[in-house]
Amino acid sequence: MPDRQPTTKGAPLRVAPRVKPCPTGVATRSSHAESGDPRGVDKATADGKPIWSRRRVLLLNATYEPLTALPLRRAIVLLICGKAEIVHGDPAGLELHSASEVILVPSVIRLSTFVRVPYRGRVPMTRAALMYRDRYRCAYCGGRAETIDHVVPRSRGGPHTWENCVACCAKCNHRKADKQLSELGWRLRVVPRAPRGRYWRLLASISETDPLWLPYLDEAA
């Protein structure tokens, strides 16, 4: 269903009524909109879609274990169908409106019933997950990392794996080039290892995290 424009309080939505067990068509309005606060108005992106349509929501198991980051629309469906509950709402008070429902935009939701997650193998290595693992610190000098470096250069047969990749600042990356650490007399500050834990699979799939998610992502956050 196409996205609708924000509506003022009490104004009817100009939409034909539809009967659905789990309605997904909603309009957005912030609780600040009535007072004229600019935070209550959603801006459109270059493709014509409102910014909120690209938002992700952290989904927790019934045991508060992080499972995945859902599109906002899917999270709303789970809430309306009674399959999940809101743990943390939008800090700005953004709301979603339909003809008969008003729901606070969630940042974190929790499943009502426990879902057993099958064992999954090695965490895929992505730039975002590697930066989280190394805490955005250069493995050589400890400065702010901006890129990724292969400890054993790929030109010398080094693999693209967790154990051979580290976060690196631009200066060290340029100085190291395709040299071995022994040639430069350098040492790694921390031995790189593959991370473990389900939350790492979540971190590997997203580029940005909401600050409200951090308490649920264990030490990876």
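A compact table of results
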read-out	value
Using a Förster distance of 35 Å, the FRET efficiency for K179-N61 (Cβ separation, nearest 0.05)	0.15
Extension gain (nm, one decimal) between R74 and V190, 0.36 nm per residue minus Cα-Cα	37.8 nm
The stretch 52-100: Cα Rg divided by the 2.2 N^0.38 Å rule of thumb	1.15
Calculated Rg and Dmax of the stretch 51-200 using C-alpha coordinates, Å	21.0, 69
By accessible area with a 1.4 Å probe, ligands and nucleic acids excluded, highest first: order of Y132, Y64	Y64, Y132
13 Å tail of the calculated P(r), the stretch 125-185, as % of Cα pairs	57
Amide H contacts of T68 (H built 1.01 Å from N, under 5 Å, at least 5 apart or other chain)	L59
Cα-based convex hull volume of the stretch 98-162 per residue, rounded to whole Å³	197
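The values are calculated or read from the model by the stated rules, or taken from the named source; none is laboratory data. This one's a predicted model, so the numbers in the text were calculated from it and none came from an experiment. So basically every Cβ, Gly included, is an ideal-geometry build from the backbone, and we count neighbours across all protein chains shown. What goes into the accessible areas is simple: the full protein's heavy atoms, side chains included, and nothing from ligands, DNA or RNA. Shrake-Rupley method; radii C 1.70, N 1.55, O 1.52, S 1.80 Å.
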